[in-house]
Amino acid sequence: MPWRRRSNRVSALEGGREEEAHPEAAAVPPALLTSPQQTEAAAERILLRGIFEIGRDSCDVVLSERALRWRPIQPERPAGDSKYDLLCKEEFIELKDIFSVKLKRRCSVKQQRSGTLLGITLFICLKKEQNKLKNSTLDLINLSEDHCDIWFRQFKKILAGFPNRPKSLKILLNPQSHKKEATQVYYEKVEPLLKLAGIKTDVTIMEYEGHALSLLKECELQGFDGGHRKPLFAIHWSVQRLFTGIQTLEPSVVCVGGDGSASEVAHALLLRAQKNAGMETDRILTPVRAQLPLGLIPAGSTNVLAHSLHGVPHVITATLHIIMGHVQLVDVCTFSTAGKLLRFGFSAMFGFGGRTLALAEKYRWMSPNQRRDFAVVKALAKLKAEDCEISFLPFNSSDDVQERRAQGSPKSDCNDQWQVIQGQFLNVSIMAIPCLCSVAPRGLAPNTRLNNGSMALIIARNTSRPEFIKHLKRYASVKNQFNFPFVETYTVEEVKVHPRNNSGGYNPEEEEDETASENCFPWNVDGDLMEVASEVHIRLHPRLISLYGGSMEEINDSKVTCNCF
């Protein structure tokens, strides 16, 4: 049933100020809003009931605690009339899917701050195919100012009652990501939706590598009270509220960029959390959880972290996850050497993966895709194995062990048995997330989840170049990329990678060897190059950080409540 389209200029107004409806918003087809959950309507408490025009029909509209329901008002007809039953089919939207409400007015060219009231516009988050989300609108037409004002105030009260939805955001934007498109992505696609949802924003441009770490580590973060005063963001403020047990609308952080930027911001938030907890940041065995949730807007070349989090690298989907407050706890790894913390991260590659990134960093003047392809070809041309000893602690899935570890207890105990393998390895991958990306749609670690308390250890032993290339090509297909005799996979909790030669793969006789500094081995950690000269110890920490997002299955399984009644 199509919605009525009006040829005159219509805008959404709130508080007398004109705000144009988002250009991407589309009318909600009523057929998409029906579901078997209608049977639960009778058990819900009714808040408001009235008559609105929806589409071309006058409808009996009921606002209950969980949903907005409507049914077309039709003249009486004989019972059992199938056509009548079809026309009177009840439709509904759940309140948790509404993210903004505006008063709808018709404004002439001369009317800048007022106009004829038409009704109320609801802005809704709907699911599309393949985990994508889209923003849509539903118009409730009624010309009565008093009637609309009552409904409008009730909708505003409902929206204010969702505790996980952010009211203010600190935006960290990397303008150099991918093809320098992050700025355009934010201001054209992200900011209009945030404004529509009434979220306060403060944007900081990341000017150099490590800028986010410096900002979150050194600056005083007090004084940000949800966007009403200074546009700073406060960790001290939220920590104080956390320990006093007062529920507040905490600020959040959003990173607009690629994997390197996202990983840097996550690392900075976790370091700040350790500092606030009075922990020594050089040596961390049981880190505390980051207090602030982190949102990720994919604007890089691969977007592995955002893709793994949302199931799709889609900017609108990522933005709507933030607006709707879909929070997902995610496992994080610590990377240490000689007992000293190097960084927090989500995934790492040593060997071929590290050498490829080290080569790509030498050719930053190329476009991202050209740089990546060139580095892969050159690394394959110089393919060689690393002599390593790899120690790992297998994953123990027993409930009591996982509960103890989730509470921050040390991982290793007398009952844990370390395993050791030695040999020549072409590539070693350690991943706490699935690592979805365009070149690996099933994921580099397809059997790993975001918060299952384990990591995937994937080892490619030394083999011929053609066989290794076959293994790499499998990542882009639906076939099992691990079904090779030289590939081994393990589910682990801790890993130690100890190179047994001290050259770092550096041969002074090879004049063009550009993959590593002397006596250092290149690691690819979340798309960032990390060079280490000795053993690296990777330890998993379950659910250490909260990220905005998640697959639709995970979101639908979670309980989203509204505290406004």
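Over region 104-177, what is the relative contact order in whole percent, taking alpha-carbon pairs under 8 Å and six or more residues apart? With pairs under 8 Å counted, the relative contact order is 21 percent. If the chain linking residue 143 and residue 179 were pulled fully straight, counting 0.36 nm for each residue of separation and taking away their Cα-Cα distance, it would gain 8.1 nm.
The residues of region 304-390 present an accessible area of 32 Å² per residue when probed at 1.4 Å with all protein chains retained. The residue 447 and residue 382 beta-carbon pair, evaluated with R₀ = 25 Å, returns a calculated FRET efficiency of approximately 0.25. Within region 449-489, find all residues whose amide N lies under 16 Å from a label point positioned 7 Å from the Cα of residue 130 along Cα-to-beta-carbon. So the set is 476-478.
Placing unit charges on the Cβ atoms only, positive for Lys and Arg and negative for Asp and Glu, gives region 271-397 a dipole magnitude near 400 debye about its Cα centre. In region 87-197, the portion of solvent-accessible area held by carbon and sulfur atoms comes to 46 percent [1.4 Å probe, whole percent, DNA, RNA and ligands not counted]. The listed peptides 317-330, 377-390, ordered by packing as a protection proxy, come out as 317-330, 377-390 (highest mean of other Cβ atoms within 10 Å first). Among the protein heavy atoms of region 339-396, carbon and sulfur supply 55% of the accessible surface, probe 1.4 Å, non-protein parts ignored. Per-peptide packing, taken as the mean over residues of other Cβ atoms within 10 Å, places 254-261, 537-544 in the sequence 254-261, 537-544 from highest down.
The HN-Hα couplings worked out from phi for region 307-313 by the Karplus form 6.51 cos²θ - 1.76 cosθ + 1.60 (θ = phi - 60°) are 5, 5, 6, 9, x, 7, x Hz, whole numbers, x standing for Gly and Pro.
The values are calculated or read from the model by the stated rules, or taken from the named source; none is laboratory data. Quick caveat: nothing in here was measured; it's all calculated off a predicted structure. A quick note on method: Cβ atoms are made from the backbone with ideal geometry, for glycine too, and the neighbour counts reach across all protein chains shown. Calculation scope for accessible area: heavy atoms of the full protein, side chains included, ligands and nucleic acids excluded. Shrake-Rupley method; radii C 1.70, N 1.55, O 1.52, S 1.80 Å.
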